[in-house]
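Since the structure comes first, as structure tokens, the remarks are kept for the end.
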Amino acid sequence: MPVLTATNLKHAFGLRIILDGVSFSIEPGERVGVVGRNGVGKSTFLKMLAGLMNADSGDVALQRGARAGYLHQDPKLNPEETLWGEAESAFARLHELHQKLDHLYEEMATAEGAKLEKLMDEQQRLTEAMEAAGGYSIDHKIAEILHGLGFTDAQFKVKVSGLSGGQKGRLALAKLLLENPDVLLLDEPTNHLDIEGRLWLENFLKNEFPGAVLLISHDRYLLDNVVNRIVETEDGRLIDYPGNYETFRELRAERRMAMLRAYENQQGRFRQEEAYIRKYKAGRRAAQAKGRETKLERQKELNSLEKPPEAHSFEVRLPPAPRSGDMVFSAREVSKSYPLEGGGEKSLFKSLDILVSRGERWGIIGPNGAGKTTLVRTLLGEIAPNSGVVRLGSNVFPGYYRQTHEHLPADKPVYQYLQDTIKKEVPGTQMSEQAARDLAGAFLFSGTDQDRPLGQLSGGERSRAAIAALLCSAKNLLILDEPTNHLDLMSAERLEEALCDEGGYEGTMLLISHDRALIDGTCEHLIVLDGEGNVEIFHGSYTEWHEKDVQRKRERDRAATDEKNRRDDAEKQRKAAEERKKSEKAPPKPAKSGGPSVNALARMRTDQIEEKIEKLQVRIKEIDGLMGDPNVWKDHAKATRLTDERNGAIEQLEPLEFEWTRRAGEGE
């Protein structure tokens, strides 16, 4: 039975139809990815499923008793709470269940008969709900998820008001995962995650989270490794595909090819009819031609197929960049650090040695805050290193794609911005309007979008325009800092096509990215920062490095386990030797862990021991009387508390009685 269902949802913004009578359902435990171009209604669809938006018509139904959790892009967090405290607030429902259970025990103490049976059923239900909500091991779960999403122990006591925007986004994701809803509705959950965080989230969603997941993401590897079904939003419809993202790409290509053939066949039939009509419209068969013309117009109006969206590869010819020297840049013993507020310093990278040659493609990876952007700016000479030497090669013309685009002229149409960029960056070269429109089209700007001013574009559209301009500016060294942050999947794939060997760009490239698919598709060398000042140079793809890194971690874990086992064995042998020595020196003295120590008994007066024995015997007798009441055993918690208290009293009583007997025998 579906845990969440949507039926015949319709919604429009003005005249633009976003959802045109779509229906959807997701089963418990199912993983579904939602893909589609930016602006086609993916986020709107998720908000409707979460109950945050109302459709113009249609219904959304959640299974009775089920909960849906939605990841807000602008989360509401308590600025005065600590990071740990805000994460713990995810268990508000668990605390509420604890209170309900306490009240229930109070009622059970006086209830009888049918009412008691009903309360016991409610106790069972509450106990199961508490276990599902986290039980009693919440501290371990909070720490596990916060660590998995990249937070350190030192950050647990930091107030929410002191967190960055990205950290707040990760905290909101942590709270949602800790709430453990029946359905997770995730809109771009990897936006603020580095590669390690994305790997952890993949594993959590795939292997640990028990509920259903509906996921919007531009991370192709996440979709490949987590989901088993893809829903594509297109022209107000939802198109369902079985399998992961790679399977979806294959099936979509086949579907669009079939659509294109059907469209072309229909257009061929239309052209044949039009030719017949033109030939006989004025002759003896004019009446027949007129009838066929009327029939053709009706067919075009009622049964005309739409041409499927273009799916061609990157085909634009980029202006050739000037040839740089064989050595593009080099770094020798380069280090960079910065002082910390409380003293000391943070090392970003140290003793870096690297030589980048013409035509090479390098990816720069590492955790958030590891210094990836600082490294690039240091290599370009924008920032001075603390030590070491950086050299830029001859005839190197760098082009830098930054994460912000305030420099774009807000009033320029897209195609004209590309023309002006060529004119400015490649003197003596003119790009025709048609060539500029072809380039804009290659980066998924439709005919009308090409005429829109840059200031009216979305963040993703401005990113595409900036990347297109950079590629056509004939730079022989491209530095791309998180270029896919605001791109949809199709745009990211188009960028990959442009940058790969077959795409036409022949220069050198440095790519900072958490997009593993893009790194794998374009880079054959890696600079890996670990966030602690260490740098690894790796010659190979990201996947090759990751496999090697996983193997290294396994070997480290195995070595750590072996060392721990060795230390534990040594400690056991040491304790065994000590116990043997003690047993040889003197017989053991009766003193249990729950009672007073031997030294404490020796310091007590005999009358104090007698008073303590009397109090314990009285309490044991009182407990025995209480436990003789059958109603006590109906209250599991109360019976457990009394049993534990009686056992503890006996543990305290035994050494006291032994000491009193010893003294009596000695005549004290």
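One table, with the values for the structure above:
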{"quantity": "Of all accessible heavy-atom area on the chain, the percent that carbon and sulfur account for (1.4 Å)", "calculated": "49"}
{"quantity": "Residue 626 versus residue 410: modelled label distance in nm, points set 7 Å from Cα along the beta carbon direction", "calculated": "7.3"}
{"quantity": "Cleavage-rule hits (GluC sites (Glu not before Pro)) in the stretch 38-117: DSSP loop, at most 16 neighbouring Cβ within 10 angstrom", "calculated": "80, 81, 112"}
{"quantity": "Too-long pairs where the Cα-Cα distance tops 20 Å, listed order kept, from 47/76; 10/300; 100/141; 42/168; 118/638", "calculated": "10/300; 100/141; 42/168"}
{"quantity": "The chain: relative contact order as a whole-number percent, Cα under 8 Å and 6+ apart", "calculated": "12"}
{"quantity": "Loop GluC sites (Glu not before Pro), the stretch 317-412, which have at most 12 other Cβ atoms in a 10 Å radius of their Cβ (DSSP)", "calculated": "341, 382, 406"}
{"quantity": "Alpha-carbon gyration tensor eigenvalues x 5, square-rooted, for the chain, Å", "calculated": "66, 39, 20"}
{"quantity": "Within the chain, helix-based [θ] at 222 nm, where runs of 4 or more DSSP H residues each add -39,500 (n - 2.57), nearest 500", "calculated": "-15500 deg cm²/dmol"}
{"quantity": "Sequence-distant lysines (8 or more away, or on other chains) whose Cα lies within less than 20 Å of residue 581", "calculated": "572, 589"}
{"quantity": "Euclidean distance between Cα centres, the stretch 225-264 to the stretch 327-396, Å", "calculated": "43"}
{"quantity": "Estimated dipole of the stretch 416-494 in Debye, rounded to 20 [Cβ of Lys and Arg +1, of Asp and Glu -1, Cα centre]", "calculated": "180"}
{"quantity": "Partners for residue 157 among aspartates and glutamates (Cα-Cα distance below 13 Å; same-chain residues under 8 apart left out)", "calculated": "80, 81, 86, 88"}
{"quantity": "Number of Lys pairs (Cα under 28 Å; 8 or more positions apart or on different chains) in the stretch 315-412", "calculated": "5"}
{"quantity": "Where the chain is the region considered: accessible area per residue in Å², 1.4 Å probe", "calculated": "54"}
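The values are calculated or read from the model by the stated rules, or taken from the named source; none is laboratory data. Only a predicted model underlies this, so the values are computations on that prediction, with no experimental measurement involved. Glycine also receives a Cβ, built like all others from the backbone with ideal geometry; neighbour counts cover every protein chain displayed. For the accessible areas, the whole protein counts, side chains as well, though only heavy atoms, and no ligand, DNA or RNA atoms are used. Shrake-Rupley method; radii C 1.70, N 1.55, O 1.52, S 1.80 Å.
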